[in-house]
1. Around Gly171, which amide H atoms from residues at least 5 apart in sequence, or from another chain, sit under 5 Å from its own amide H, with H modelled in the peptide plane?
2. Taking 0.36 nm per residue of separation and subtracting the Cα-Cα distance, what length does fully extending Phe12 through Lys77 add?
3. What do you get for Rg/Rh of segment 77-132 when both radii come from the Cα atoms and Rh is the Kirkwood radius?
4. 5 Å is the cut-off here: which amide hydrogens, built 1.01 Å from N in the peptide plane, fall below it relative to Ser98, excluding neighbours closer than 5 in sequence?
5. Please compute the modelled spin-label separation between Tyr169 and Ile147, points set 7 Å along Cα→Cβ, answer in nm with one decimal.
6. Where does the charge balance sit around Ser105 when Lys and Arg score +1, Asp and Glu -1, over other residues with C-beta under 12 Å from its C-beta?
7. Starting from the Cα of Asp111, step 7 Å along the direction of its Cβ; do the same at Asp51; then give the gap between the two resulting points in nm.
8. On C-alpha positions alone, give me the angle between the axis of helix 3-27 and the longest principal axis of the chain, in degrees, nearest 10.
Amino acid sequence: MNKSLQYLIIAFVLLLILFIVNHMQQSRYSASSELIFNIDENKIGRILMLDTNGDSLILVKNDTTWSMPQADTLIIKDRQINQFFEKIVNGKYDMIRSKNPNNWSKYGVTDSLGKTVSLFDNNNNLIKSVIFSNKGQDYSHNNYRIIGENEVYRTTENIFYIINISPNYWGSPPKVEKDSLDIDKIQPTPLIK
């Protein structure tokens, strides 16, 4: 084997070793994401949402349908419920922002600054309460803290708009059927000259 081939093989082995070492170091920095609530959504029987000004909204599950006791005439929009479960209950976080309770107000996850979502089971036992905030300049993520824990996490996407306590966001009035209106009974009003 001549010397130039030996140098080429040594250079190749060194590059391979450097690549493996670099790959091992880079793998420590890979981003992972985990679930915010990490619970079985079928166990949820009631959802309580509290706004920063103290207003609240309750969603209650009866068998497989959801309703609002505050606005029982509204029909729950399936899209809103599905989005709530997809993005909040099954939502993910990608990093811990802080473990220091002194930073809660900086991230807006105190009782007075954030919106609270509490999930209850069918027996009305609290499963988990979480305070969400959109404080800061990052509009594509939110901060949240699980009540009773010190860690502040960052969500993988903006979900703050889903925590809406307006009944009209969650439900719509029932549609009136045209057949239920009796047009023959409507009297025209005479024109006044």
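1. Here Lys77 satisfy the definition.
2. 17.2 nm
3. My calculation puts Rg/Rh at 1.03.
4. Amide H neighbours of Ser98: Val152.
5. 1.8
6. Numbers: positive: Lys106, Lys135, Arg145; negative: Asp111.
Taking every Cβ under 12 Å from that of Ser105, the sum is +2.
7. Once both label points are built, they end up 2.0 nm from each other.
8. In the chain, helix 3-27 runs at an angle near 30 degrees to the longest axis.
Every read-out reported here was derived from the displayed coordinates using simple, explicitly stated rules and does not represent laboratory data. It should be emphasised that the depicted structure is a prediction, and the values quoted were computed from it without experimental measurement. Glycine gets a Cβ as well: all are built from the backbone with ideal geometry, and neighbour counts include every protein chain shown.
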